[in-house]
Structure formats: C-alpha cells, structure tokens
Amino acid sequence: MAPSRPLPELVDDAVAEILLRLPPDEPRHLVRASLVCKRWRRVVADPAFPRRYRSFHGAQPLLGLLRNTYDDDSISVFLPTTSFRPRGGGHGFPGGIAVDCRHGRALLLDYTKMIWEGRVGILVWDPSTGDRTILRNPDAPLLNSTAAFVCAADGCTHLGCHGSPFLVVFVGGEDHCHFGCVTKAFVYSTQTGAWSAPASIQLAPGDIIRQMRSQLVGEALYFFRARGILRYDLVGHRLSAIGLPAWYDINMMLMEAEGGRLGFAGLKGSSLHLWCREESPDRVDRWALSRVIELDSLTTSEPFYHPLHNPLLMGYAEGTSIIFVSTGIGNYMFDLKSMQIKNIGEGRTLEDVLPYMSFFIPDCARGELPSLART
C-alpha cells in the first residue's frame with residue numbers, strides 16, 4: 001500500500017478567505033484560529049486583515065453593555081456579552097453616567113464635579129483601545145443636561161473609526177419657572193479644540209431635557225424632553241421641537257425606524273408599540289403607529305415574561321433592529337425583525353443600558369491572544 005501523501009497547505013489568500021468568515025460577534029473565535037499555526041497567525045496580524053474583515057461583515061457586532069446604576073452612588077459598569085473585555089476601565093466609573101455609545105466610543109458625564117467645581121465632567125472613552133479624552137464642559141450654567149457623541153471623520157463608514165476626530169453635542173436648559181425653559185446646544189470639535197457658540201430654543205416652563213440616550217438619524221440628533229423631542233441639526237447648528245402623539249408613556253425610547261426615519265418604541269403593559277415619523281401628502285411630518293407586538297404571545301423554549309411585572313425597555317442597538325427588555329424574569333435581547341429572543345445573562349433587573357458595538361480584532365503584538373482564548 002502506497003504511503004498517503006500529506007495534504008497540501010493552504011496558501012495565505014485561502015486562509016484569509018476562511019478567517020474572514022468567522023463571525024465578529026465573538027472575538028475568541030478569531031483568537032483561537034490565530035493560534036492554530038504560525039501561518040494563520042501571520043494572516044491575522046497582517047495590517048490589511050482588519051480592514052478586509054470589517055468590510056466583509058459590514059455591521060458592527062455587539063460586544064457588551066454599559067449599565068448605569070443609581071443606588072448610593074452613580075456609576076457606569078461594562079457588562080460583557082462576549083469574551084471581549086474593555087481596556088482603560090469598564091469595571092466602574094464612580095460618578096460617571098454613560099449617556100451615549102456610538103461609533104466605537106462611549107460618552108460619560110460626571111455630575112459629582114457639580115458639587116466641587118460647579119461643572120459637569122465629560123469623558124470620551126474607547127473600550128477597544130483604552131483611550132480616554134476628558135473635556136471641560138462649556139461655560140454655561142445648564143441644568144438637566146445630557147450629551148451625544150458623533151464621529152466627525154469625512155467619508156467614514158464607522159466600521160473602525162477609533163482615533164478619528166469627533167464631535168460632542170452638549171445639551172441643557174435653564175428653567176425659569178414663569179418665563180420658560182431656555183435650552184441650549186454646544187458642540188465640541190476635536191478638530192478645533194473648542195466649543196461652539198450655543199444654538200438656543202425657548203420651550204415652555206418645565207419642558208426640560210431628559211437624560212436618555214440620543215438617536216442619530218441622518219444629519220440630526222434627537223433628544224427626549226419632558227414634553228416631546230428636541231431635534232439638533234448637525235449641519236445647520238439649529239434646535240427645533242417635535243411633539244409626540246397622544247399616546248405617551250414614560251417607558252419609551254428613541255430609535256431609527258425603517259427607511260431611515262425617526263421612530264420610537266414604547267411599552268404599555270406587555271404591548272410593544274413602534275412609531276415612526278412620516279411625511280404626509282401635505283408635506284407635514286406626523287407620527288404613525290407602524291406595529292404592535294404582544295410580548296405575551298411570543299413562544300420561546302423557556303419563560304421570559306412574568307405576567308405580574310410590567311416589562312421595561314432598557315436600550316436599543318443603534319443601526320440594528322435589536323432592543324433590550326427587562327421582563328421581571330430576566331433581561332433579554334429582542335430582534336424586532338427575526339422575533340428571536342436571547343437571554344443576556346444578567347441576574348438583576350437592568351433599567352438603563354447602552355449597547356457597545358464595535359469590531360474587535362485582537363492585536364498579536366500585545367499578547368492578547370492567550371488571555372482571550374481561555375475565556
């Protein structure tokens with residue numbers, strides 16, 4: 001019997017085509033593949049591989065959640081949903097509340113500085129690289145403030161914009177009980193290193209900004225206020241007010257609707273209501289109820305909904321159809337398109353989470369491979 005010949009080795013291009021197809025929502029898969037042999041590791045270490053990998057998969061994967069707690073002290077903690085672990089923190093930012101997470105970076109506000117320094121601390125944090133940028137807030141006595149983060153690189157696809165220039169939009173109001181609420185928006189640009197002059201709008205008394213995550217749709221950011229929605233035009237540097245439909249509840253969140261339109265989701269009991277902003281024939285934007293989903297009608301292999309506890313909306317993964325719901329039994333990731341439900345594995349009830357979405361391709365030079373492969 002003739003001895004069998006060894007199988008021919010795959011060329012680097014063929015190996016790269018195989019590794020490109022590993023799913024990005026679990027970094028350990030790529031890590032373990034790179035430990036197979038020196039050739040596979042060389043392919044992963046190629047500087048061109050991350051760009052090809054991001055381009056092949058397109059949408060950024062979910063790597064974890066930033067959870068805000070408001071017990072004795074305000075604190076933001078990173079909850080991993082994969083083998084990814086952030087650099088430069090993530091186990092707790094005392095005083096820091098995450099208010100936005102977009103384009104691979106998180107934005108936190110530190111209100112403890114209001115007591116000692118009379119200002120709000122602003123921190124931009126990249127969990128993938130550990131880079132931290134501390135900004136001084138604009139010189140304005142704003143209350144009920146929040147902020148939003150946006151990558152400012154020209155032509156960026158936002159698949160791997162770590163280290164790119166960015167904008168921080170800081171919004172807050174001066175509530176004068178009898179004269180109304182003057183709400184202002186300031187923009188910090190890393191390209192100028194300074195805050196812009198404010199854009200202002202006069203709102204009714206008590207119509208203050210709510211500290212809920214913003215939504216980026218097109219060239220505008222949207223914020224919840226006490227009596228509706230505030231729109232900030234990134235190009236025109238203008239503020240405008242948008243009303244809400246008669247249907248209104250505190251358990252709601254902004255999101256992008258189908259067709260790239262502004263939308264929001266709201267829960268009444270176990271009924272999930274999805275609304276979208278659409279243009280009517282008379283060219284006046286109006287709200288339309290696009291869908292109602294009864295959570296108690298969904299069938300799963302295990303109980304996920306407690307009939308005696310109203311579910312809570314926790315967050316929305318921007319650019320996807322995924323929302324996060326706390327049901328009284330557990331915390332779940334719910335895909336509105338596929339109607340699939342996944343337990344995210346956190347025992348306690350979560351009330352405020354921001355999904356962290358980014359590509360994470362481990363750097364061989366930093367010795368990350370063995371530690372991630374063991375997780």
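None of the figures in this text is laboratory data; all of them are computed from the coordinates on show. In this text, all values refer to a predicted model and were calculated from it rather than measured experimentally. Cβ coordinates were reconstructed from backbone atoms using ideal geometry, including for glycine residues, and neighbour counts include every protein chain displayed.
Can you work out the Karplus-derived ³J(HN,Hα) for every residue in region 160-170? Use 6.51 cos²θ - 1.76 cosθ + 1.60 with θ = phi - 60°, whole Hz, and x for glycine or proline.
Ordered by residue, 3J(HN,Hα) equals x, 9, 5, x, 6, x, 9, 10, 10, 9, 9 Hz.
I want to verify the translational diffusion coefficient of region 220-276 in µm²/s; compute it with Stokes-Einstein, Rh as the Kirkwood radius over Cα pairs, at 10 °C and 1.306 mPa s.
D, rounded to a whole number, is 131 µm²/s.
Under a 5 Å amide H to amide H cut-off, with H placed in plane at 1.01 Å, what residues pair with G64 once short-range neighbours are removed?
T81, Y356
Let me know the volume per residue of the alpha-carbon convex hull for region 158-227, in Å³.
Dividing the Cα hull volume of region 158-227 by its residues yields 105 Å³.
Full-extension gain between I293 and C156, please, as 0.36 nm times their residue separation minus the C-alpha to C-alpha distance.
45.8 nm
What trypsin sites (Lys or Arg not before Pro) does region 20-89 have in DSSP loop regions with at most 13 other beta carbons within 10 Å?
When the trypsin sites (Lys or Arg not before Pro) of region 20-89 are filtered for loop state and at most 13 Cβ neighbours within 10 Å, R21 remain.
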